[in-house]
Structure formats: structure tokens, C-alpha cells
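A.B. asks: Have a look at this one before I ask anything.
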Number of protein chains: 2
Amino acid sequence: MVPDSLPPNTTVADVGERIMVARIVSACGSPPEVPTSTALVGPGDDAAVIRAEDGRVVVTTDMAVEGRHFRRDWSQAVDIGHRVAAANCADIAAMGAVPTGLVVALGLPDSIEVAWVEQLMSGLVAEAARAGASVIGGDVTAADSVVVSVAALGTLEGREPVLRTGARAGDVVAVAGRLGWAAAGLAVLSRGFRSPRALVDAHRRPQPSYAAGVAAARNGAHALMDVSDGLLIDAGRLALASGVGIDIDSASLIVDEPIASAAAAYNLDPLQWILGGGDDHALLAVFAPDAQIPEPFVPIGRVIDAVEQQVQPGEVRVDGRIPEVAAGFEHFRR
Amino acid sequence: MVPDSLPPNTTVADVGERIMVARIVSACGSPPEVPTSTALVGPGDDAAVIRAEDGRVVVTTDMAVEGRHFRRDWSQAVDIGHRVAAANCADIAAMGAVPTGLVVALGLPDSIEVAWVEQLMSGLVAEAARAGASVIGGDVTAADSVVVSVAALGTLEGREPVLRTGARAGDVVAVAGRLGWAAAGLAVLSRGFRSPRALVDAHRRPQPSYAAGVAAARNGAHALMDVSDGLLIDAGRLALASGVGIDIDSASLIVDEPIASAAAAYNLDPLQWILGGGDDHALLAVFAPDAQIPEPFVPIGRVIDAVEQQVQPGEVRVDGRIPEVAAGFEHFRR
């Protein structure tokens, strides 16, 4: 069923909940009674049903709030959809799993245009598809500002999940994906600019490597996580969960050209973004010293013994020293 | 790990994200590395892992927004937790499934007290436990008002899901659980009162019968759904999905004493609440004429052939006539 075309600027309040839901379900693709490759029951019933062939399901949730995670004047609806889906699917990949299905809960002000919501859904559906998943259900409710809350499911395909707890002293720390691009893009937008375009695009629509999570698991990664709040803060979380320290070799951190030029323009240290910036959803993995490190992971440091090296468990050093840049993003920071 | 006690009135902003998350994880029960009966990996890693023994998982999501679904001066945090978990678990039960795990995304203003969040979590955890599930993961973010977005997973235990699409002319329509209590309780609160207490409590903390969903599935229900927006509107959705009409016998709708007395006090028709009120999360089921209708379902009407009876598919009648009361709750209604 293709939705009827609406006059431009038609709002959610103009059409009401029933029609808005019907258009959202339509944006998800197939109707509920038609099974897809993964979804046995899709959107439109009380709940969806999805395959979990190895008898387990991986599940995560990530909420994005207007004015905190995105601004409607800085990002298009389709980009916001991509971004929220990417944050969720990256968490599934960070267990060594493959995303299968997303459910989407939307809080919408009355004044939001129907077309905006449909664009948001198209971004969610497209990014889910990039990760191998479909949007299988959701909820719509009124709210004062836009809230997009997604839960993603995934399959381990028979493998064991890769947790944050398995790093051991001597292991190699490696990263797959960009670091600092999204943070640099946000800095550009915050200063009222729209270029370098590559950085702004990276903020608007991160492109995590979902396949890297499976590759890390297949190559026996000891630990794996998603870098969503910044390399230093997230490496610290992994180190704390494993009871170890981490030492990052700054020479191994590639300063890509757009980051170098934006940093030069604003007279900033590019490492501020690379070590402290989140939202690119790179994957951080830890491998045994003799493991083959799979593409696209790049070694960036070593796991260190907390007792032997006299560091606190969870401490992250750069070139053996406590880094001077801000650690990363934290909500509720005063 | 038992969290340290905090001074009264300590806010989310006082402790910061890291400690707030640690206290939320602690409120969920066991740490991530300790598997429970259902959760192979619990809260604290990038994602949780939960059993799905029959190779499928049922999933739903439901978002509650402060000022729209609850008011912090009308409901305690623990009640709000119960209510949001109940809305989600009822959707799982409405597929004929059993809830197994919940993930919880919270949007929190800086000024919210840590103790309030912990009470919210304790309500979520307790209601999930009542339904047989545990809270296995989540996300915390800053927001201007409280948003609680839950996704619930469930198991069909090898059964087929019961959809909304299977109602046939001649089938018996039945309901399990209360109708109108939560709506009457909201009406009481809206008028500035706190009694009848039973109605106010029903609004604050609905008590759906999760077991009724499984019972309906085991007894071969043709269709099943959760009544969350009101009997008329939800029966209409089921009828529309099945391409039939429904005729409700008003004599079969029990007007419980607290509803009768509140309606008398406000000079209202109690059927307004019983037919139009949602949020009790009763289950609406449709059975073949010769099926055994399981406890606690009570027959309330019949499925009618849309063509033969000259009604629109999806039309719900009461005693053969188009009802005069409001249909039920819809977001974005102008």
C-alpha cells in the first residue's frame, strides 16, 4: 500500500495518530503479515517476531533527543535516522554480532511535518539495511521535542559474544573506523560553518564498519566495544571492565587531512578530537599478541598490567603518560 | 556491588553519567558477567544477550513521556516504572508469548534526583519480574523532561504468534482484565481528587494478566491484542486487520463498583470509561464459536461479517448500534 500524497507542510497533528502510524509502517517496507528474510511478523501488530536461529538474541537500546544529540537545523531527518540506527547497530556489532531487526519509538511534537517523519524513517530503514537488518516495529507518541529511541536485535550466528572483560596484559589494542571525524564536524557546525564537508557529513551520518565486529570475533578478539563517547573514555571503560590499563601509541593515530586542516584553522590540537570525540562509532578491539588482526583494524596500543605498571585499573595512558586532553563526552556534566 | 548511600536530593547532575549508569545497572540486579535464567549477558556491556530457545524472539517497544503519559506529581517513580513495563509486557502477552527481557532507555533532566531514577528502575524491574522477565540493558541520556522508552522481548515457547488478523464472522469476542479503571482513575486525579483509591491505583499501576495471553494462545484464539487505547478503538483495529466487524453486548460489560460510584459522582455514563478508556492493558481475544474460553476471559460480543451485516470492515457496534461515546485515546488529536 503506497501512502497517498499529502499537501506540503502537513503536520502530524493534521493527519492524527492513525494515519501517521500507517505511513510509518508503510515506510518500513512490507506489511506485518508478509514475512521477510528475518521478520516472521513485521510492524503493525502488538509486537514483531524475528528469527533467532542460534537460540540467543543480542539486544541493545540507544535514545537520541533533539537539542542534545541532534538539531533539526543542522541535520536532515534522513541523516538523523541514519545516525540513530548506526549507534544501535554499532552496539550489536560490538558484541561480534550481526544486526537483524530494529524497533523504533518516536516522540513527536504536534507541529512536526509528516514528510519529516517519513524521511527520518527512511534513514533508519536504509542504515538498518546497510547493517543487514530491517525495521520491524515501533511506537509513536506525542512529545514536546523529537525523541528517537531505538532497540536493535542481532544474531551471534553461533559464536560467543565478545565482551569488554577479556583484555589481558600484553594484548594489542586496535581500532576499526574513523576517530574524531564526527566531533570535528560538530565543532565546524558549532562555529556556524558547513565545511570541511567531509567532517560535517561524518557528524550527520557516521559510517561504522559493522563487518569489523564479526571479523574481530572470528579472529578471537579478547574484548570488543563501540567507541561512542570518545576513545579515551571508552578505552577506559574496557580497561576497567577487564581490570587492566591501556597505553595508546599516539604515533599510530592517523590524523586525516580534513581533521588536520580544521584543527589548524581553529588552532586546536587534532588529538583533542581523535582521543576525545565520540559518535563515529569506531570499534575498539583487543587481540592476543600473536593473533592475526583482521581488516580494517589498525593497532593503536597495548594492554598493560595495572599492578606491574602501577596504574589504576581502567587507566588509559598515551605514550606512557596521562593525557592532557579532555576525556570525552559525558551526559549530565556540570 | 551495593551502591553507596547518597545525601537526600542528590541529582543526576550531581553524580554524573558514570555513577548514574552504575547505580541503574545495580538496580537491575546481577552484573553483566553473571548469567541469569534468561540473560546470558546482562546490563553493562555494549548489548545484552538473552536466550531465545525456540529460534524466534517477540519484540515490542513503548515510550512514555512526562506530561503526556504520566505526571511526577500524580504518580510515584516506582508506579511509573510498573506502568511502562506493564505496557510493554502486555504487548508481548498479546502475541501469546511470555516476556523474557526488557531494555530501558531513559531521557532525564539534570535536576532529577538519583533516588527517583532508582525508584523508577525498581518499578520496572518488579513489573518485569511479575511478567517473568528481567531488565537486561539500557541507555541513559540528558533530556528536558523524563522519557522512558522500553523495548520488551518474549518467547513463544514453540507456539505460533496470535495476530490481529484471524477473526472470522461468528467468532466470540472476549476480554481478560479490567476495562475503564485506569481511565476513571485519571479522571479522578484530573479533578484534583485522590479517591476512590482503587481507581487511582489502577491508573498508577495497571495489572495486566500476562498469563491470559498464553492461555488464549493455548486455547486456539483466532486473534489477540492488548487494549491500550480503549476497547472501541482497539477492537476496531483488530476488526480492521481481520476485515470484519465486531458487535459488543453491553450487558456483558461489568460495571465494577468503584467505576459505578465515580461515574455517579461526576454524573457520567460509566460506559464512557469502559468502552473508551485505555491503559488497563486488558487482553482482547477472539475465539471460534465452539472453543473453550479460558479463564480469566469473559465473552463480550461477536465477530460479524462486514458484507452481510453491511458494516465497514473495522466497524465496532454496541448492541447492534453505532456507539455514542468517544472512541478512545489518540495522540495528536486536535
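The values are calculated or read from the model by the stated rules, or taken from the named source; none is laboratory data. All figures in this text were calculated on a predicted structure; none of them were measured in a lab. So basically every Cβ, Gly included, is an ideal-geometry build from the backbone, and we count neighbours across all protein chains shown. For accessibility, only protein heavy atoms count, side chains too; no ligands or nucleic acids. Shrake-Rupley method; radii C 1.70, N 1.55, O 1.52, S 1.80 Å.
A.B. asks: Quick check on the protein assembly as shown: helices-only [θ] at 222 nm, where DSSP H runs of length 4 and up contribute -39,500 (n - 2.57) each and the sum goes over total residues. Nearest 500, please.
C.D. replies: -9500 deg cm²/dmol
A.B. asks: Shifting gears a bit: For the protein assembly as shown, take the alpha-carbon Rg, divide it by the Kirkwood Rh, and send me Rg/Rh.
C.D. replies: Computed over Cα atoms, the ratio is 0.99.
A.B. asks: Could I ask something else about it? Pop out the Kirkwood hydrodynamic radius of the range A:30-188 from its pairwise C-alpha distances, inverse of mean 1/r, in Å to one decimal.
C.D. replies: Numbers: mean 1/r = 0.0593 Å⁻¹.
Computed over the range A:30-188, the radius equals 16.9 Å.
A.B. asks: Under the 0.36 nm per residue contour assumption, what length would be gained going from the current alpha-carbon distance of A:VAL255 and A:SER122 to full extension?
C.D. replies: Roughly 44.6 nm would be gained on extension.
A.B. asks: How far apart, in nanometres, would the label points at A:ARG72 and A:VAL307 be if each is projected 7 angstrom from Cα along the Cα-to-Cβ direction?
C.D. replies: That separation, rounded to one decimal, is 5.7 nm.
A.B. asks: If we count every other residue with Cβ under 14 angstrom of B:ILE304's Cβ, Lys/Arg +1 and Asp/Glu -1, where does the sum land?
C.D. replies: With Lys, Arg at +1 and Asp, Glu at -1, the neighbours total -3.
A.B. asks: Next question, about the same structure. Just check the range B:49-127 against the gyration tensor rule for me: Cα atoms, a ≥ b ≥ c as the square roots of the eigenvalues, rounded for a/c under 1.5, and otherwise prolate or oblate depending on whether a/b exceeds b/c.
C.D. replies: Since a/c reaches 1.5 and a/b is larger than b/c, the shape of the range B:49-127 is classed as prolate.
A.B. asks: Continuing with the same structure: Just report the Cα centroid separation between the range A:171-213 and the range A:26-105, whole Å.
C.D. replies: For the range A:171-213 versus the range A:26-105, the Cα centre distance is 21 Å.
A.B. asks: Given the peptides A:195-207, B:250-262, arrange them by the average over their residues of other C-beta atoms within 10 Å, most packed first.
C.D. replies: A:195-207, B:250-262
A.B. asks: Rounded, prolate or oblate: which fits chain B when a ≥ b ≥ c are the square roots of the eigenvalues of the alpha-carbon gyration tensor, with rounded for a/c under 1.5 and prolate only if a/b beats b/c?
C.D. replies: Oblate is the answer for chain B, as a/c is 1.5 or above yet b/c matches or exceeds a/b.
A.B. asks: Carbon and sulfur: what percent of chain A's accessible surface (1.4 Å probe)?
C.D. replies: Roughly 50 percent of what the probe reaches on chain A is carbon or sulfur.
A.B. asks: Evaluate the relative contact order of chain A (contact order divided by residue number), counting alpha-carbon pairs under 8 angstrom at least 6 apart; express in whole percent.
C.D. replies: This gives 20 percent for chain A.
A.B. asks: What average number of partner chain Cβ atoms lie no more than 10 Å from the Cβ of the residues making up B:18-24?
C.D. replies: What the average comes to for B:18-24 is 2.
A.B. asks: Here's another thing I want to ask about it. Where both residues lie in chain A, what percent of DSSP beta bridges are antiparallel, nearest 5?
C.D. replies: Working: 39 of 52 bridges.
Once the DSSP bridges in chain A are tallied, antiparallel ones form about 75 percent.
A.B. asks: Specify the angular offset, from 0 to 90 degrees and rounded to the nearest 10, of the alpha carbon long axis of helix B:77-93 from the longest principal axis of the alpha carbons in chain B.
C.D. replies: 50
A.B. asks: Right, here's the next one. Can you tell me how the range B:172-318 classifies by the Cα gyration tensor, rounded, prolate or oblate, using a/c under 1.5 as the rounded cut?
C.D. replies: prolate
A.B. asks: Let me ask you something else. Would you look at the GNM of chain B, springs on alpha carbons closer than 10 Å, and say which of B:ARG83, B:ARG178, B:ARG23 moves the most?
C.D. replies: B:ARG23
A.B. asks: Over the range A:45-138, what is the mean sequence separation of C-alpha contacts under 8 Å (at least six apart), divided by residue count, expressed as relative contact order in percent?
C.D. replies: Worked out over the range A:45-138, it gives 37 percent.
A.B. asks: Related question: At a probe of 1.4 Å, how much accessible area disappears from chains B and A on forming the pair, both sides counted, to the nearest 100 Å²?
C.D. replies: Its buried surface, counting both partners, is about 5400 Å².
A.B. asks: Residues with beta-carbon under 9 Å from that of A:ASP249, excluding A:ASP249: net charge, scoring Lys, Arg +1 and Asp, Glu -1?
C.D. replies: -1
A.B. asks: Also, quick follow-up: Report, as an integer, the average count of C-beta atoms from other chains found within 10 Å of each Cβ along A:60-70.
C.D. replies: Values: counts 11, 14, 5, 13, 4, 9, 2, 3, 5, 3, 0.
The shielding value for this peptide is 6.
A.B. asks: In degrees, nearest 10, range 0 to 90: what is the angle between the Cα axis of helix B:231-242 and the longest Cα principal axis of chain B?
C.D. replies: Approximately 80 degrees, to the nearest 10.
A.B. asks: Continuing with this model, one more query. Using only the Cα atoms, work out Rg/Rh for the range A:233-320, with Rh taken as the Kirkwood radius, to two decimals.
C.D. replies: Reported Rg/Rh, Kirkwood definition of Rh: 1.00.
A.B. asks: Would you mind telling me which residue in A:ASN267, A:ASN219, A:ASN88 has the biggest mean-square fluctuation in a Gaussian network model of chain A, where springs connect alpha carbons within a distance under 10 angstrom?
C.D. replies: A:ASN267
A.B. asks: For the range B:113-195, treating each Cα as an identical point scatterer without solvent, what Debye log10 I(q)/I(0) comes out at q = 0.18 1/Å?
C.D. replies: With no solvent term, the Cα-only Debye profile gives -1.16.
A.B. asks: Report, in degrees rounded to the nearest 10, the 0 to 90 angle that the Cα long axis of helix A:257-266 makes with the longest principal axis of chain A.
C.D. replies: Helix A:257-266 and the main axis of chain A meet at about 90 degrees.
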